[in-house]
1. Give GLU67, GLU71 a once-over and let me know the one that is assigned to a loop (DSSP other than H, G, I, E, B), open to solvent by 60 Å² or more (accessible area, probe 1.4 Å) and at pLDDT 85 or above.
2. For the condition at pLDDT 90 or above and under 24 Å from GLY319 (Cβ atoms), what is the one hit in VAL437, VAL352, VAL370?
3. Output yes when any residue across the range 291-311 is open to solvent by less than 70 Å² (accessible area, probe 1.4 Å) and free of Cβ contacts under 8 Å to residues at least 24 places away in the same chain, and no when none is.
4. Here's a check for you: in the range 355-367, which residue that is touching a residue at least 12 places away in the same chain (Cβ under 8 Å) and over 17 Å from ILE318 (Cα atoms) is least open to solvent (accessible area, probe 1.4 Å)?
5. Does ASP210 satisfy the condition of being outside any helix (DSSP H, G or I), open to solvent by 50 Å² or more (accessible area, probe 1.4 Å), out of contact with any Leu (no Cβ under 8 Å at 6 or more places or on another chain) and within 30 Å of ILE412 (Cβ to Cβ)?
6. Would you pick out the residues in the range 258-288 that are surrounded by fewer than 12 Cβ atoms within 10 Å (Cβ to Cβ) and within 25 Å of LEU408 (Cβ to Cβ)?
7. Identify, by number, the condition in (1) open to solvent by 40 Å² or more (accessible area, probe 1.4 Å); (2) within 19 Å of THR415 (Cβ to Cβ); (3) in a strand (DSSP E or B) that THR334 doesn't meet.
8. Taking the criterion of being in contact (Cβ under 8 Å) with a residue 40 or more places away in the chain and under 36 Å from the mean Cα position of the chain (by Cα), would at least one residue in the range 207-221 satisfy it?
Amino acid sequence: MLLLALAVTQGLGLLLLTDERNRAVRAALGLEAAGRAANVVLLLDSAPPDLRPSILRAADSPLVRFEVGPEPEASRDSAEADLVLSQIRQILGEPDREVRADVHALSVAPLPMPDTMPAAMRPMHEAMMAGHTDPIELTLSIRLAAGDWLNVRTMFHRPGPQLSPQALLPLLLMAVAVALVAWWTARRVVGPMRALAVGADRLGRGLDADPLPMTGPSEVRETTQAFNRMKGRLTRFVNERTHMLVALSHDLRSPLTAMRLRIEMLDETEDSIRLKALVEEMQAMVEATLEFARGVTRAEPAAEVDLAVLLGDLVGDIGGDRATLAASQPLPATIRPQALNRALRNLIDNAVRYGGVAKVTLTQEPGMAVITIADKGPGLPDDQLEAVFEPFVRLEGSRSRDTGGVGLGLAIARTIIQAHGGTVLLRNAVDGGLEAVVRLPIGEA
């Protein structure tokens, strides 16, 4: 954009300067002819009539023709001739002397020369027509003291475009200087901003990284500093919450274990059986909470794994016709294998548990791996498709752990998938059943 603006402004400036130069040259040529014409008038007015032919022959040249006649050849005064008229009257010293001037452009087309054109002017006319130089014709008519008219006719041309190397060199040097400064400035800004974008993406995917270096302009450094502070606060907040969750769940194990032992020592009655079931449910919730916390901590290192192989192992563990896999080709991705295995297993287990079968499909989009897990169940109401991802929300109304779990499976799956920079959503299939669609970026996890 800077180079484009520079080229436009310099081009307009060159056009304006060229136009001003053309005007100056034309004015100079016209004033030169006007000065010669005024001096010839002074000579003709003061010389005897028999010397007029000699004076006119002496004044003629290939560029200017002088004639004396009874009528003026200049029929009108052009707006461009004001300076010429003023110059003539000033030299003559007679402001009231009748003077006419006509300045007009001739066609640049190679027209035939007029028959009235003097032979001395024909070479110049041919050169102008051959070079398409946009010729200008100036005709002057000045009344002499004897009453007749001095008619002066001359032609000159506008100078062509001044595009010499000397004229373009400053523009070239300025463009190079602007390009170098813009490149250096852009690098100072773009480099830190790109690092900031990568750091924000890594933070959103739960990857540990050193604080971003403070480089670039002051505004970029301030933004980087604010990002580093935000990253530190978020990391401390997540770690504190996770540690608290782990500590609470771990501390609950001991009293629950003691309660189970005491219940085992009681006589088997209806109350003891119900109490035992409640303790077992609480124990399952504690274990699921610990598993959820482990998914949040994301301490497992990333590795490159073939998603087709990983899904094949998960489908093979279920066995039978309850789970199938459709994968057209190997699809390597950088992931945390154990964590992603846990998330996908939860989704496949839910499909088998509530929909009877799990049809797993692996496809690829630009930069993304798409895993679709479809079942043949009744589906879900639209208002529950997002709610089931909340912790402790169950897909069925019973409180049995054998049929509904504790409601953390989908929450764990989404947490792990989002930690990989991906997304997971549920949708009702057109032909019935529920589909879980997982999108994972292919690259660094």
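The values are calculated or read from the model by the stated rules, or taken from the named source; none is laboratory data. Everything numeric in this text was worked out from a predicted model, so none of it was measured. Quick reminder, even Gly has a Cβ in these numbers, built from the backbone with ideal geometry, and neighbours come from all protein chains shown. Ligands, DNA and RNA are excluded from the accessible area calculation, which covers all protein heavy atoms including side chains. Shrake-Rupley method; radii C 1.70, N 1.55, O 1.52, S 1.80 Å.
1. Just a single option satisfies the conditions, and that option is GLU71.
2. One residue alone meets the criteria, VAL352.
3. Scanning the range 291-311, I find no residue that is open to solvent by less than 70 Å² (accessible area, probe 1.4 Å) and free of Cβ contacts under 8 Å to residues at least 24 places away in the same chain, so the answer is no.
4. Of everything passing the filter in the range 355-367, LEU362 is least open to solvent (accessible area, probe 1.4 Å).
5. So ASP210 fits the description; yes.
6. ALA258, ARG274
7. (1)
8. yes
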